[in-house]
Structure formats: structure tokens, C-alpha cells
Amino acid sequence: MRSRPLPRRSTSGLRHVDVAALYGRGLAECRAGKALSGRTDVMLSTKVGRLLISCASGAQDSGIYVDVPDVRVAFDYSYDGVMRSYEASLKRLGRAVDILYVHDIDASAHGDSTGADARIAELVDGGGWRALIELRAAGDVRAIGAGVNEVRACLRLLEVADPDLFLLAGRILCSTSRRRTTCCRAV
């Protein structure tokens, strides 16, 4: 596995970096951590909800990534899963995190809205959301929310939790009247 960290000069003017354990099967966090070492002027966000579990060489599904560690990815939105995911990210990053998102708790990752709802229930009923609240209350992270691909997950989380923010991948969040009303209420 080759490691090519971002050159330090590439962070000039950069004020926010977002990574996740999923990206490069942990490599994005390692590289961002090296590039941002000693930088306190850059806000850093990462995501929880996926654990990277060591496996035999070739047993992993590397997806779109090449030259990645021998790990498989497992979803876990429970209290323990969120804490383990967070601690593993801190180890890879080598620094504190400003924003902590729950990752891909939506139908695009879990098959359909029923699957997404089951994962949201796991997050809330299994203590994962409580873990996020505890991390924020302890000052370990400054903000908590969800990084998702679908607006529906944001709306569902607003019904059952109190997120500080959302990271919505390439979508326009408030494109309908209902969404606009809900988004305005959330702000």
C-alpha cells in the first residue's frame, strides 16, 4: 500500500477538510492528518458509523479505491460502534476533530427507506446519538450531525434527534416547500 500525503503547501488557504474512514479505507484520514499536522486554523470533520476491520489480503472489497489496506467495512451505529469508529479515526488522523458526522444513514447505503429507518433507529435506540452528544458535551468535538446522500435522512433525523448540521452530498437541501419549511425550522 502506497501512501502519498497531501503536500503541506496544498492546504494554503484551505479552511475545512472533510474525510471519513470509508474514503480510501482509512487512507484519507491518515493523509489528511499528516497534511494538517500542527494546523489549528483548519476545521476538520470526519464520520462515524462504519468500522474498518482487518481481513486477509484480497478478502476486502476495495470498491472504487486502489492500493488500500486489507480491511473490510462494517456498519455500526450503536453507542459502542460510534465510539470505536471515532477513536479509530482519531488514531488515523493524529489530531482532534471539529465536526463529527454520522455517515450514510440513508437509503442509498441501506437499500431503501425501510433499511435507512432501521439504521436511524439503531442510532437513536442503540445509543449512537447519545455517544455523539457525550462527545460534544465533553468538548471532544464542536458539532455533530449527519453526512448523507439524501434529504429524507436529514428530515428523519430532525424528527428524532437534534443535529447541529448536515453535510448533504451534491444535493439542494431545500428544493421543495416542505423541505424549505423544515430547513427553516431547523435553523
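Every number in this text was worked out from the coordinates using simple rules, so none of it is lab data. Here the structure is a predicted model, which is why all the values come from computation and not from measurement. Ideal geometry is used to build each Cβ from the backbone, glycine not excepted, and the neighbour counts take in all protein chains shown.
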Report task. Out of 132, 93, 165, report the one residue that is in contact with a Cys (Cβ under 9 Å, 6 or more places away or on another chain) and either more than 20 Å from residue 52 (Cβ to Cβ) or buried (at least 21 other Cβ atoms within 10 Å of the Cβ) (or both). Result -> 93
Report summary line: Scanning region 125-167 residue by residue, the ones that are closer than 16 Å to residue 90 by Cβ and free of Cβ contacts under 8 Å to residues at least 40 places away in the same chain total 4
Requested in this report: Please specify each residue of region 143-168 satisfying the condition of being touching a helix residue (DSSP H, G or I) at 6+ places or on another chain (Cβ under 7 Å), among the charged types (D, E, K, R) and not in a helix (DSSP H, G or I).
Outcome: 150
